[in-house]
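A.B. asks: Take a look at this one; I'll ask things after.
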Amino acid sequence: MDTESRGLQQGSSSCWSTSAAACGSSQQKRQRCEGSSSDQVGSSTSGSVQMSEPELPDTDYVENEEEDYYMDDDDDDCDDDNDDESEYEFDEADFNQQLADKFDDLDLPPGVEATVPWLQKIAAPDEQDSSELTEDEITKKYKAFAQFYTVENFSDHHYADKSVGKPSREWAKRIQHEWKLLEKDLPGSIFVRVAEDRMDLLRAAIIGPKGTPYHDGLFFFDAHFTSSYPSQPPLVYYHSGGLRLNPNLYNCGKVCLSLLGTWSGSGCEKWNPAQSTMLQVLVSIQALILNEKPYFNEPGYAGSANTPSGQQQSIEYNKTTFLHSCRTMLYSLRRPPQYFGDLVAGHFRERGRTILAACKHYLEGNMVGSVVPEEEEGEHDSTRASSSSSSSSAPKQEASSPLVRRTQFCDGLKTLFEDLLMEFNVKGADTRKFIEEKLKKNLPAA
């Protein structure tokens with residue numbers, strides 16, 4: 001089955017349903033969320049959850065609340081141009097020693113030092129070879145990471161405490177049919193794990209689409225097939241890390257989508273027990289929720305899509321969204337969901353350089369989601385880059401933005417850049433260019 005031909009479209013309007021794609025419908029509808037935005041984090045949901053219309057989060061930039069145990073950079077704004085580039089030579093040992101000095105006073109958990117290069121003593125040749133083998137092991141596991149795979153059980157699944165009791169034979173046959181569809185037709189940017197001992201549980205990782213503020217990110221969802229499935233749609237929970245990065249993805253984990261019955265819809269937008277599938281749900285989330293202009297997913301703002309003020313608000317919203325996407329990357333790197341650790345490590349090892357280059361590109365005033373010149377020149381190819389590139393089709397320059405918001409965005413992104421640089425370096429990503437730039441900036445003037 002060709003998943004890409006399901007007619008799923010990214011829209012700048014409110015949230016759509018994948019079942020509309022199955023009907024070949026191009027109709028766009030504004031929809032209201034049937035649920036409460038006051039749901040508590042980690043609370044269970046049901047197929048008939050009632051919710052109020054989602055409130056769009058304030059686009060004021062939220063300060064990064066992540067643990068501040070990374071290296072500080074006192075020189076955030078200016079490059080030191082007094083040094084002659086031709087005379088500069090990168091000294092990796094010196095760099096690692098500088099980083100180690102910054103960690104001397106920190107109380108790190110046992111074993112962390114062994115995994116962080118700059119906390120280790122200079123290794124003997126044999127030990128260095130072992131480190132390189134470890135990095136190669138990350139890549140090896142990443143390349144071997146199957147898109148669909150059956151595990152024994154989930155211990156950290158959001159719906160682990162829910163039970164379907166003794167399922168009927170028809171229910172089990174339908175779930176096995178869903179598995180076969182997923183195994184056969186998953187697009188290259190979605191990964192799924194199901195449980196042999198708990199057929200009602202499923203976990204999926206979705207890579208953010210190119211040309212969107214979600215590019216290169218990893219977004220995790222837990223699904224539960226109730227005993228009434230497929231008469232009722234599955235329950236789906238988003239691992240938000242407490243962040244609201246889309247009008248349809250609540251910080252409490254609620255996913256608003258007409259296909260799931262958590263967003264109003266009619267006709268073929270709704271769940272159809274005979275035709276709708278879990279595969280449609282996943283592709284719908286990727287294509288219709290994680291889109292280029294998520295600001296207009298909110299019904300109240302969809303009408304301003306073609307106005308200058310609406311476009312400016314969308315640009316500002318994308319900035320906030322990208323900051324939250326970067327924080328989600330850190331959240332996933334530090335606490336990868338069960339059975340997805342190899343995917344997280346390998347994905348960010350492979351895409352780390354591209355993400356950092358995009359951060360630099362946006363700090364220069366370019367629009368979030370626009371072409372990064374380094375990628376356009378094809379300097380960093382990868383086996384899965386086609387599905388997660390940060391580039392859209394053409395360069396864009398950011399429209400004028402209020403100075404205060406521009407400053408807040410840059411300050412927030414600079415901090416996240418430093419955190420991401422550290423995490424990506426641990427995973428063995430190609431960060432040499434950015435480390436050299438950082439060392440040069442910190443060198444005293446001649």
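A.B. asks: For the list (1) under 21 Å from Met367 (Cβ atoms); (2) in a loop (DSSP other than H, G, I, E, B), I need the number of the one condition that Pro273 fails.
C.D. replies: (1)
A.B. asks: While we're here: Check off (1) surrounded by fewer than 24 Cβ atoms within 10 Å (Cβ to Cβ); (2) touching a Ser or Thr at 6+ places or on another chain (Cβ under 8 Å) for Arg244 and give me the number that stays unchecked.
C.D. replies: Against the list (1) surrounded by fewer than 24 Cβ atoms within 10 Å (Cβ to Cβ); (2) touching a Ser or Thr at 6+ places or on another chain (Cβ under 8 Å), Arg244 comes up short only on (2).
A.B. asks: For Leu282, all conditions in the list (1) open to solvent by less than 40 Å² (accessible area, probe 1.4 Å); (2) of a type outside the set (Asp, Glu); (3) not in a helix (DSSP H, G or I) hold save one; what is the number of the exception?
C.D. replies: Leu282 satisfies all of (1) open to solvent by less than 40 Å² (accessible area, probe 1.4 Å); (2) of a type outside the set (Asp, Glu); (3) not in a helix (DSSP H, G or I) except (3).
A.B. asks: Would the range 307-316 turn up any residue that is charged (D, E, K, R), in contact with a helix residue (DSSP H, G or I) (Cβ under 7 Å, 6 or more places away or on another chain) and open to solvent by 10 Å² or more (accessible area, probe 1.4 Å)? Even if it seems obvious, please write down each step before you answer.
C.D. replies: First, the residues of the range 307-316 that are charged (D, E, K, R): 316.
With in contact with a helix residue (DSSP H, G or I) (Cβ under 7 Å, 6 or more places away or on another chain) added as a condition, the list becomes 316.
Now restrict to residues that are open to solvent by 10 Å² or more (accessible area, probe 1.4 Å): none.
No, every residue in the range 307-316 fails to be charged (D, E, K, R), in contact with a helix residue (DSSP H, G or I) (Cβ under 7 Å, 6 or more places away or on another chain) and open to solvent by 10 Å² or more (accessible area, probe 1.4 Å).
A.B. asks: Considering only the range 149-194, state which residues are buried (at least 18 other Cβ atoms within 10 Å of the Cβ) and either without any contact (Cβ under 8 Å) to a residue 12 or more places away in the chain or hydroxyl-bearing (Ser, Thr, Tyr) (or both).
C.D. replies: Tyr159, Ser189
A.B. asks: Inspect all residues belonging to the range 291-311 and state whether any of them is hydrophobic (A, V, I, L, M, F, W, C), part of a helix (DSSP H, G or I), under 20 Å from Asp216 (Cβ atoms) and touching a Phe, Trp or Tyr at 6+ places or on another chain (Cβ under 9 Å). Full working, then the answer.
C.D. replies: Taking the range 291-311 as the starting set, the residues that turn out to be hydrophobic (A, V, I, L, M, F, W, C) are 296, 302, 305.
Retained after the next criterion (residues that are part of a helix (DSSP H, G or I)): 296, 302.
Restricting the remaining residues to those that are under 20 Å from Asp216 (Cβ atoms) gives none.
Looking through the range 291-311, none of the residues is hydrophobic (A, V, I, L, M, F, W, C), part of a helix (DSSP H, G or I), under 20 Å from Asp216 (Cβ atoms) and touching a Phe, Trp or Tyr at 6+ places or on another chain (Cβ under 9 Å).
A.B. asks: Okay, next question. Which of the residues that make up the range 325-340 are surrounded by fewer than 23 Cβ atoms within 10 Å (Cβ to Cβ) and either closer than 14 Å to Glu292 by Cα or touching a Lys or Arg at 6+ places or on another chain (Cβ under 9 Å) (or both)?
C.D. replies: Leu333, Pro337, Gln338, Tyr339, Phe340
A.B. asks: Of the residues that make up the range 263-274, is at least one among the basic types (Lys, Arg) and either open to solvent by 50 Å² or more (accessible area, probe 1.4 Å) or without any contact (Cβ under 8 Å) to a residue 60 or more places away in the chain (or both)? Lay out the reasoning, then the answer.
C.D. replies: Here is the first cut: in the range 263-274, the residues among the basic types (Lys, Arg) are 270.
Applying the additional criterion that residues be either open to solvent by 50 Å² or more (accessible area, probe 1.4 Å) or without any contact (Cβ under 8 Å) to a residue 60 or more places away in the chain (or both) yields 270.
Scanning the range 263-274 turns up at least one residue that is among the basic types (Lys, Arg) and either open to solvent by 50 Å² or more (accessible area, probe 1.4 Å) or without any contact (Cβ under 8 Å) to a residue 60 or more places away in the chain (or both).
A.B. asks: Given the criteria hydrophobic (A, V, I, L, M, F, W, C) and at pLDDT below 95, does Val426 qualify? Walk me through it before giving the result.
C.D. replies: Details: hydrophobic (A, V, I, L, M, F, W, C): yes; at pLDDT below 95: yes.
Judged against the criteria, Val426 is a match.
A.B. asks: Considering only the range 222-253, state which residues are in contact with a strand residue (DSSP E or B) (Cβ under 6 Å, 6 or more places away or on another chain) and not in a loop (DSSP other than H, G, I, E, B). First the steps, then the outcome.
C.D. replies: Of the range 222-253, the ones in contact with a strand residue (DSSP E or B) (Cβ under 6 Å, 6 or more places away or on another chain) are 222-224, 234-239, 249, 253.
Once the filter is applied, which keeps residues that are in contact with a strand residue (DSSP E or B) (Cβ under 6 Å, 6 or more places away or on another chain) and not in a loop (DSSP other than H, G, I, E, B), the range 222-253 yields Asp222, Ala223, His224, Leu235, Val236, Tyr237, Tyr238, Leu249.
A.B. asks: Also, I was wondering about something else. Tally the residues that are under 23 Å from Gln338 (Cα atoms) and either of a type in the set (S, T, N, Q) or surrounded by fewer than 20 Cβ atoms within 10 Å (Cβ to Cβ) (or both), restricting the search to the range 195-212.
C.D. replies: 4
A.B. asks: Open to solvent by 30 Å² or more (accessible area, probe 1.4 Å), modelled with pLDDT of 70 or more and not in a loop (DSSP other than H, G, I, E, B): does that describe Arg351? If you could, list the steps in order and put the result at the bottom.
C.D. replies: Values: open to solvent by 30 Å² or more (accessible area, probe 1.4 Å): no; modelled with pLDDT of 70 or more: yes; not in a loop (DSSP other than H, G, I, E, B): yes.
Spelling it out, it is not the case that Arg351 is open to solvent by 30 Å² or more (accessible area, probe 1.4 Å), modelled with pLDDT of 70 or more and not in a loop (DSSP other than H, G, I, E, B).
A.B. asks: Kindly check whether there is at least one residue in the range 284-299 that is touching a helix residue (DSSP H, G or I) at 6+ places or on another chain (Cβ under 6 Å) and aliphatic (A, V, I, L, M).
C.D. replies: No, the range 284-299 contains no residue that is touching a helix residue (DSSP H, G or I) at 6+ places or on another chain (Cβ under 6 Å) and aliphatic (A, V, I, L, M).
Here is a yes/no grid of residues against (1) farther than 15 Å from Ile315 by Cα; (2) modelled with pLDDT of 95 or more; (3) among the basic types (Lys, Arg):
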residue: Tyr362; (1), (2), (3): no, yes, no
residue: Ser370; (1), (2), (3): no, no, no
residue: Glu379; (1), (2), (3): yes, no, no
residue: Ser382; (1), (2), (3): yes, no, no
residue: Ser389; (1), (2), (3): yes, no, no
residue: Ala394; (1), (2), (3): yes, no, no
residue: Phe417; (1), (2), (3): yes, yes, no
residue: Lys441; (1), (2), (3): yes, no, yes
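A.B. asks: So, Gly300, is that one modelled with pLDDT under 95, farther than 19 Å from Ile190 by Cα and buried (at least 22 other Cβ atoms within 10 Å of the Cβ) or not? Working first, answer last.
C.D. replies: Details: modelled with pLDDT under 95: yes; farther than 19 Å from Ile190 by Cα: yes; buried (at least 22 other Cβ atoms within 10 Å of the Cβ): no.
For Gly300, the condition - modelled with pLDDT under 95, farther than 19 Å from Ile190 by Cα and buried (at least 22 other Cβ atoms within 10 Å of the Cβ) - is not met.
A.B. asks: Checking Leu243 against (1) of a type outside the set (Gly, Ala, Ser); (2) in contact with a Pro (Cβ under 8 Å, 6 or more places away or on another chain); (3) at pLDDT 95 or above, which single condition isn't satisfied?
C.D. replies: Of the numbered conditions (1) of a type outside the set (Gly, Ala, Ser); (2) in contact with a Pro (Cβ under 8 Å, 6 or more places away or on another chain); (3) at pLDDT 95 or above, the odd one out for Leu243 is (2).
The values are calculated or read from the model by the stated rules, or taken from the named source; none is laboratory data. Just so it is clear, the structure is predicted and the values come from calculations on it, not from any experiment. Positions of Cβ are generated from backbone atoms using ideal geometry, with glycine treated the same way; all protein chains shown enter the neighbour counts. Heavy atoms of the whole protein, side chains included, go into the accessibility calculation; ligands, DNA and RNA do not. Shrake-Rupley method; radii C 1.70, N 1.55, O 1.52, S 1.80 Å.
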